[in-house]
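Participant: One structure is given below, represented as structure tokens, and several questions about it will come after.
What follows draws every value from the coordinates through simple rules; no lab data is involved. Quick caveat: nothing in here was measured; it's all calculated off a predicted structure. Virtual Cβ from ideal backbone geometry, glycine too; neighbours counted across all protein chains shown.
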Amino acid sequence: MDNQNRKLKFSLSKLWTPLLLVVLFLIFGLQYPTFLSVKNFNNLLVQMAILLIASMGMSMVVLMGSIDVSVGATITITAVASAMVSSALGGASIVVGMLVGALVGLINGLLATFLKIPTFLSTIAMMGILNGTAVLILKGSPYNVHSESFLAVARGSFLGGISNLITIPIIVVLITIIITKKTVLGRMIYAIGNNEYVCQYSGISVVKIQTFVFMIHGSLVGLAGALDASMLEAACPYCGDTYTLPVIAIVVMGGIPLSGGRGGPIGTVLGAMLVTVLISGLNFMGVTPEFRNVAMGALIIAGALMSNVGRPKIITVK
């Protein structure tokens, strides 16, 4: 009976995010009719682009039972890197952003696997290093982008008039689904999240897998950072900090527990929609960024509680 109740609670917890999404649409739509307009839906998709791309990489990291608190700072440093080479490389500067992000991911992975520093602590330290480096490079001032080919990456369309800020995230989501659901690497990611120690004794190279996944995550965050610079036409100190809380909230609200091993990228897409709608709705209401952070923090706590519903009472601290 207890097992049946647990399964029922677990099934209901999976419906919580889509139900909350519908409720938010109804609340904001009734209060502001333009919120449900086609134009605003298009705006929501564009606003979701950076968050969704960064959240796909974070999904794989959290599925392993790790976390990356430096995701916002990585967006900042990769935006700076791609913006500063944009005059010379044009649209190819996107690749530079991804390479810098992959390097950050490699360092984060090595800190976790070889030096055995918990990812929560190591990525906090990395956040300080990256933000400080960005401020030193920019000397506290924004770096404006003038390369038309670099700006065209965010403004333009590779596919039939559909904005690249819609097409690129869709491609990233599809690739992440294939990696996590259809490949050996994906099965190992889930296995490490369920029990890292059993994986080690089973012959799985946990160190290589964790480091490689952090590099994939870093390259996707680098793509997000480069697109952010292209979209805003500039790179600024701390420009990525506003993404840190929402990206973590998206993954948690998408149904991936911070202990890892369960959930997937499709849930993350729902989490991204929920967070984007919440941020956009609060903007309609004229809520200040400080109160939006309060809402994001509350959302993370609520998501963490819901992800534990129906699960055995196991205390996990990583």
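Participant: For the chain, max minus min Cα coordinate along each principal axis, in Å, sorted largest first?
Facilitator: 64, 52, 38
Participant: Related question: Going 7 Å from the Cα of S149 along its beta-carbon direction, which residues of segment 69-96 have the amide nitrogen within less than 19 Å of the resulting point?
Facilitator: Those under the cut-off are 81-96.
Participant: If a/c stays under 1.5 just call it rounded; otherwise compare a/b with b/c (prolate if a/b is bigger, oblate if not). Do that for segment 1-150, with a ≥ b ≥ c from the square roots of the Cα gyration tensor eigenvalues.
Facilitator: On the way: a/c = 2.75, a/b = 1.28, b/c = 2.14.
In terms of gyration-tensor shape, oblate.
Participant: So, one more: State the Cα centre-to-centre distance between segment 155-217 and segment 55-80 in whole Å.
Facilitator: 12 Å
Participant: Out of residues 5 or more away from V145 or on other chains, whose amide H comes under 5 Å of its own, with H placed 1.01 Å from N in the peptide plane?
Facilitator: Amide H to amide H, under 5 Å and 5 or more residues apart or across chains, V145 pairs with A234, A235.
Participant: Hey, another quick one. Can you tell me which of 208-217, 39-48, 172-181, 64-73 comes out highest on packing, and rank the rest after it, using the mean Cβ neighbours within 10 Å? Don't skip to the answer; put the middle values down first.
Facilitator: Values: 208-217: 21.9, 39-48: 15.6, 172-181: 17.2, 64-73: 26.5.
Top to bottom by mean Cβ count within 10 Å: 64-73, 208-217, 172-181, 39-48.
Participant: Shape of segment 36-109 from its Cα gyration tensor (a ≥ b ≥ c, root eigenvalues): rounded if a/c is under 1.5, otherwise prolate when a/b > b/c, or oblate?
Facilitator: Working: a/c = 2.82, a/b = 1.12, b/c = 2.51.
Verdict is oblate for segment 36-109.
Participant: Among rounded, prolate and oblate, which fits segment 161-318 when a ≥ b ≥ c are the square roots of the eigenvalues of its C-alpha gyration tensor, a/c under 1.5 means rounded, and a/b larger than b/c means prolate?
Facilitator: Values: a/c = 2.04, a/b = 1.36, b/c = 1.49.
Here segment 161-318 falls in the oblate category.
Participant: Same structure, new question: What's the ranking of 112-124, 239-251 by average number of surrounding C-beta atoms within 10 Å, highest first? Display every interim value, and only then the final one.
Facilitator: Values: 112-124: 16.4, 239-251: 25.4.
Packing proxy ranking, top to bottom: 239-251, 112-124.
Participant: Based on the alpha carbons, how large is the Rg to Rh ratio for segment 93-138 when Rh follows Kirkwood? Spell out each step's value before the answer.
Facilitator: Details: Rg = 11.7 Å, Rh = 11.4 Å.
Ratio of gyration radius to Kirkwood radius for segment 93-138: 1.03.
Participant: Moving on. How big is the charge dipole of segment 79-212 about its Cα centre, in debye rounded to the nearest 20, if each Lys and Arg gets +1 on its Cβ and each Asp and Glu gets -1 on its Cβ?
Facilitator: 220 debye
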